[in-house]
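Below: one structure, written as structure tokens.
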């Protein structure tokens with residue numbers, strides 16, 4: 001304690017007050033001045049979150065950004081109060097309250113970057129980082145190992161680092177560097193607005209590093225902490241990136257245009273096919289009678305005749321698939337097209353059987369084996385669940401084109417590992433460098449003219465809307481397995 005008292009006296013002597021400065025009213029006014037910056041940036045952080053949520057609505061990305069901004073808001077609001085107080089006991093409480101929020105700040109930034117880059121495989125590390133922050137928070141509340149009292153600087157009280165404080169600093173460095181790596185890695189496989197957005201995020205991370213200057217004040221280095229200014233600039237760039245440069249903006253407009261242009265003619269075709277279905281059987285019956293009495297000079301081939309008899313049903317089936325494709329596109333670019341109000345309990349086995357039937361109708365030679373070990377019910381949109389399964393089965397069939405012995409096994413199971421549907425093929429597999437990006441929007445290894453790169457991104461969006469996950473495990477030359485977990 002005697003060493004600390006010397007440090008405090010030395011700090012006060014370094015910043016000797018001018019005549020009259022030792023008056024309580026003058027000192028109180030000075031502290032209010034030093035509280036202006038944290039007050040302003042606290043309001044700014046709150047404005048960032050409101051702006052992004054208003055501009056983009058409530059999504060996984062905007063929710064993560066809002067958590068980051070709100071955490072920073074309460075931290076700076078606490079500092080704005082701390083810099084004004086005169087009561088040492090109240091200062092001791094506020095230093096711990098403020099640091100309770102700071103402990104979770106790096107992880108909330110990491111969570112935002114995971115959502116921006118779409119790296120769902122990182123969630124174990126995100127949870128681990130939150131768990132580590134919670135452990136430090138427990139030490140913060142119960143001991144002085146994270147924050148050991150406070151310094152009385154010229155601008156007010158400020159937390160003093162404890163023995164475990166360097167662990168938080170190390171955690172910050174690790175998660176920010178990891179986020180920067182994810183951002184850099186994603187930039188290599190995207191184009192257009194998505195690339196611009198990621199560049200903004202990368203630049204904001206580099207600026208964010210300068211905010212670490214405030215940690216020096218926790219170790220007795222005396223200067224008014226400017227780090228929050230860099231963090232404000234950093235989050236400002238992230239807000240711009242999230243609200244203005246989003247890969248789905250142009251696609252949303254395109255999807256709305258396609259839906260508007262295609263729904264009317266598709267509805268017309270459906271009505272005409274229904275009319276055809278009403279009268280075609282009469283025409284078929286009349287032709288059959290004429291053919292039986294040798295009144296037809298050039299008879300229709302039997303195969304074509306059989307197809308003609310079922311023409312109405314085939315047309316309506318294709319119209320349904322086209323309409324479903326439009327709904328799929330809209331669901332991909334707008335979460336509003338997939339709402340929980342449309343969900344209802346549906347059987348996993350029924351969904352798999354219907355998907356396999358529709359794929360079989362389009363590709364009669366498809367070898368799809370169903371392995372229903374234990375059926376289960378899931379709250380979902382049955383149409384979208386079926387379409388996800390169709391998408392996965394078609395992807396597997398395309399991968400199996402080069403194999404004569406290719407086959408697909410679809411497993412439905414509900415055991416100790418949870419409720420899941422697995423789509424497994426014995427195709428060529430997916431390269432390890434490509435695997436992390438297969439769920440990215442518009443990412444494809446195929447020719448652009450034959451593949452848009454939205455199918456697996458759609459599957460992921462739908463599964464997230466269902467509250468589930470989709471993962472892929474693959475070994476080159478052996479197999480590929482997609483797992484839908486509910």
Cβ pairs under 8 Å, 6+ apart, first in the stretch 292-316 and under 22 Å from residue 278 (Cα atoms) and in the same structural domain as residue 270 (by TED's automatic domain parsing), second modelled with pLDDT of 75 or more and assigned to a loop (DSSP other than H, G, I, E, B)
308/300
Of all residues in the stretch 50-59 being closer than 22 Å to residue 208 by Cα and touching a residue at least 60 places away in the same chain (Cβ under 8 Å), which is surrounded by the most Cβ atoms within 10 Å (Cβ to Cβ)?
52
Residue 361 being surrounded by 13 or more Cβ atoms within 10 Å (Cβ to Cβ) and either modelled with pLDDT under 80 or part of a loop (DSSP other than H, G, I, E, B) (or both)
no
Going by the conditions given, is residue 349 at pLDDT 75 or above, closer than 29 Å to residue 372 by Cβ and surrounded by 12 or more Cβ atoms within 10 Å (Cβ to Cβ)?
yes
Checking the conditions here, which among 182, 167 is surrounded by fewer than 18 Cβ atoms within 10 Å (Cβ to Cβ), assigned by TED's automatic domain parsing to the domain that holds residue 101 and touching a helix residue (DSSP H, G or I) at 6+ places or on another chain (Cβ under 7 Å)?
167
So which of 47, 80 is at pLDDT 55 or above, buried (at least 18 other Cβ atoms within 10 Å of the Cβ) and either touching a strand residue (DSSP E or B) at 6+ places or on another chain (Cβ under 8 Å) or in the same structural domain as residue 115 (by TED's automatic domain parsing) (or both)?
80
Residue 150 being touching a helix residue (DSSP H, G or I) at 6+ places or on another chain (Cβ under 6 Å) and in contact (Cβ under 8 Å) with a residue 40 or more places away in the chain
yes
Among the candidates 331, 275, 325, single out the residue that is more than 27 Å from residue 419 (Cβ to Cβ), modelled with pLDDT under 70, in a helix (DSSP H, G or I) and touching a helix residue (DSSP H, G or I) at 6+ places or on another chain (Cβ under 9 Å).
325
Those residues that are on the phi < 0 side of the Ramachandran plot and assigned to a strand (DSSP E or B), I need them from the stretch 139-154; list them, please.
147, 148, 150, 151, 152, 153
The stretch 367-425 - residue that is part of a loop (DSSP other than H, G, I, E, B) and in contact with a helix residue (DSSP H, G or I) (Cβ under 6 Å, 6 or more places away or on another chain) and, of those, surrounded by the most Cβ atoms within 10 Å (Cβ to Cβ):
381
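The values are calculated or read from the model by the stated rules, or taken from the named source; none is laboratory data. Bear in mind the structure is a predicted one, so any value in this text is a computation, not a measurement. Cβ: placed from backbone, ideal geometry, glycine included. Neighbour counts: every protein chain shown.
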